[in-house]
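Written below as structure tokens is the structure these notes are about.
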Amino acid sequence: MKTTPVIAIHGGAGTIASVASDSSAAQPYRDALHAVVSAAQAALLRGASALDAVCMAVELLEDCPLFNAGHGAVFTHDETHELDAAVMNGADLRAGAVAGVSRIRRPVRAARAVMADGTHVLLGGVGADNFAREHGLEMVDPSYFSTEARRQQLKLARVADRVALDHDGAPLVEGSKFGTVGAVALDMHGHLAAATSTGGMTNKRVGRIGDSPLIGAGTYADDLTAAVSCTGSGEMFIRAVAAYDVCARMRYAGQSLKDACDAVVMQTLPAIDGRGGLIAVDRLGNVCLPFNTEGMYRAHARGAEAPQTAIHR
Ligand code: ASP
């Protein structure tokens with residue numbers, strides 16, 4: 001019997017204040033989320049693997065200038081870009097990731113190439129850029145990732161001397177672009193996968209690596225339990241091993257997906273000042289999209305049902 005496929009995506013969590021106060025400002029985000037989740041849903045209904053679906057969704061989000069991944073990525077303190085991405089396949093626990101890359105147009109493709117190669121799980125910096133080039137992936141000049149709105153965010157963060165979650169940029173610049181991106185999916189064959197891609201946090205120190213490319217912290221998938229992609233203050237997600245903790249709670253403590261997600265997002269993370277959220281789907285097709293911030297750009301679709309998008313509670 002075939003499993004009903006499920007896809008969920010996120011475009012980052014945070015205050016999302018400008019969008020909160022103006023519903024017309026939210027429309028482009030809703031449209032983008034709807035288009036991406038619909039494309040991945042259609043692929044899953046045609047029989048695509050969860051791995052293909054999450055990579056497709058994240059690539060589309062990387063290309064979309066509304067989100068903090070690929071084009072539109074945030075700036076480091078030195079006004080450069082350092083991108084992180086990861087992918088994990090729940091059927092066999094294969095995983096691949098890149099960290100601190102600055103020339104790969106779609107970092108999630110590089111993460112997948114690292115996984116396909118199979119020798120290593122995580123490649124960083126110049127070595128990862130070189131690996132992607134050798135594997136024929138599209139390379140760009142670092143300026144490809146830059147946008148004026150991000151430059152303004154960096155200026156504000158520098159003045160305030162803080163490292164900012166992309167979506168918390170306050171005051172938000174009109175038309176500014178928010179959000180680490182991620183996707184989780186369950187395919188017709190009952191397999192799970194997760195992928196995450198990000199520019200990290202505005203004004204981060206050069207060399208800083210967040211949770212997104214760390215398997216277990218920002219990204220995890222295991223067919224026995226769930227697929228998880230996180231967004232938020234990466235340091236705390238690393239310390240909480242957030243994505244894996246959801247799966248571990250299910251596996252070792254017998255918790256439901258919902259109880260596991262709520263414990264991590266509403267208890268473990270806040271206890272160490274961790275702000276953000278995650279998207280998760282389990283092997284039964286349950287979906288959980290919890291966050292402890294004001295909002296999280298998100299969408300999901302089950303089977304052939306109409307996709308649902310949401311930003312605030
Ligand atoms: N988790 C990401 C990081 O710390 C940031 C985000 O989710 O926007 O790099």
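The values are calculated or read from the model by the stated rules, or taken from the named source; none is laboratory data. Note that the structure is a prediction, hence the values are computed from the model and not measured. To get the accessible areas, we keep the full protein, side chains included, count just its heavy atoms, and leave off ligands, DNA and RNA. Shrake-Rupley method; radii C 1.70, N 1.55, O 1.52, S 1.80 Å.
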GNM on the chain, Cα springs under 10 Å; top mean-square fluctuation among Arg249, Arg208, Arg298 goes to Arg208
In Å³ per residue, the alpha-carbon convex hull of the range 264-313 encloses 70 Å³
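Averaging over all projection directions, find the projected area of the Cα convex hull of the range 154-302 and quote it in nm² with one decimal place.
That works out to 9.1 nm².
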Stokes-Einstein, Kirkwood over Cα pairs, the chain, 37 °C, 0.692 mPa s; D in µm²/s equals 178 µm²/s
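Which whole-number value in Å² is the accessible area per residue of the chain, probe 1.4 Å?
Values: 11700 Å² over 313 residues.
For the chain, the solvent-accessible area averages 37 Å² per residue.
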Which of Leu269, Leu93, Leu154 fluctuates most in a GNM of the chain (C-alpha springs under 10 Å)? That residue is Leu93
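Quick check: at a probe of 1.4 Å, how many percent of the accessible area of the chain sits on carbon and sulfur atoms?
On the way: 6110 of 11700 Å².
Its accessible area is 52 percent carbon and sulfur atoms.
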Where a ≥ b ≥ c are root eigenvalues of the Cα gyration tensor, a/c under 1.5 meaning rounded, otherwise prolate if a/b exceeds b/c and oblate otherwise, the range 21-131 counts as oblate
Excluding residues fewer than 8 positions from Lys155 in its own chain, the aspartates and glutamates with Cα under 15 Å of it are Asp78, Glu79, Asp166, Asp168, Glu174
Taking a ≥ b ≥ c as the square roots of the eigenvalues of the Cα gyration tensor, with a/c under 1.5 meaning rounded and otherwise prolate when a/b exceeds b/c and oblate if not, the range 213-262 is prolate
Among Ser143, Ser38, Ser23, the residue with the largest mean-square fluctuation in a Gaussian network model of the chain built from Cα contacts under 10 Å is Ser23
